[in-house]
1. Given +1 on the Cβ of Lys and Arg, -1 on the Cβ of Asp and Glu, and no further charges, what dipole in debye does segment 83-214 carry about its Cα centre, rounded to the nearest 20?
2. Could you line up Ile198, Ile35, Ile187 from fewest to most neighbouring Cβ atoms inside 10 Å?
3. Please state, as a whole number in µm²/s, the translational diffusion coefficient that the Stokes-Einstein equation yields for segment 75-170 at 20 °C and 1.002 mPa s, with Rh defined as the Kirkwood radius across alpha carbon pairs.
4. R0 = 30 Å: FRET efficiency of Leu27 with Ser103, Cβ-based, nearest 0.05?
5. How long are the three semi-axes of the equivalent ellipsoid of segment 18-213, in whole Å, if each is the root of 5 times an eigenvalue of the C-alpha gyration tensor, listed from largest down?
6. Would you mind calculating the gained length between Gln147 and Asp87 on full extension (0.36 nm times residue separation, minus the Cα-Cα distance), in nm to one decimal?
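Here, each number is a calculation from the coordinates, and none is a lab measurement. Note that the coordinates shown come from a computational prediction; the quantities given were computed from them, not determined experimentally. Quick reminder, even Gly has a Cβ in these numbers, built from the backbone with ideal geometry, and neighbours come from all protein chains shown.
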Amino acid sequence: MVEVECRKRKHEEPVPSSSKYEELCSLIAVLSEEILENPEAAFSMETNENNSKFGQLLNIADSFDVVECDYNICRLAIISLVAIFQDVLPAYRVRLPTSSELSVKVKKETKRLWDYERVLLLNYQRFLKLLEKTWDKYKYEKKVGKQKHQMGLSAMLCLCEILKAAHQFNFRSNILTLVVRQMSSNITEVSNACCSAIETIFVSDRQGEISVRL
């Protein structure tokens, strides 16, 4: 279960009302718990990807520029998504079936697994793109201000946590590229987090597969 703690923010910028703030915090907590209880159903996109439980949570995380959603709400949603993926991602690289394999009749269990892995990959990629976009957009404090910069920092730190937890999973090279580039960042917090992430995967990379790619 993902435990969340909501604290009211004190600053002069527009913030959601207390009831709206608490409502969003509760929604994030409920969605996170439901996703973890049944990932297959939560990632399902049979109707509309934005109507899935994951889609709803991702939309909250991607609504920082919306007046009703402040930094704490979006950051809470992003951190919850990181915790979810740390829990549900398998410790292996997913290989999607080829067109030839899809044309062959297979067991229901196999078809079900293929469908789940496909939507899991798609949603994971959507989340990674959100983190990358958020970092690129808000990484320079002088251009965007302190609060938006903090949102960018959160996104980069989350990428480091995902790399440490899912370095055997798909899109590893994409995350590695982003993290390695920031190892020499002039932002100490970012530089330290990126170096720590790379050190962590070096230690666990006993066969040298990841090290060779760097």
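1. Charge dipole of segment 83-214: 480 debye, to the nearest 20.
2. Values: Ile198 21, Ile35 25, Ile187 17.
Starting with the residue having the fewest Cβ neighbours, the order is Ile187, Ile198, Ile35.
3. Working: Rh = 15.1 Å.
Here the translational diffusion coefficient equals 142 µm²/s.
4. Details: r = 41 Å, r/R0 = 1.38.
The computed FRET efficiency comes out at 0.15.
5. On the way: eigenvalues 166, 123, 33 Å².
For segment 18-213, the semi-axes come out at 29, 25, 13 Å.
6. Numbers: separation 60, 0.36 × 60 = 21.60 nm, distance 2.90 nm.
So the chain would gain 18.7 nm between Gln147 and Asp87.
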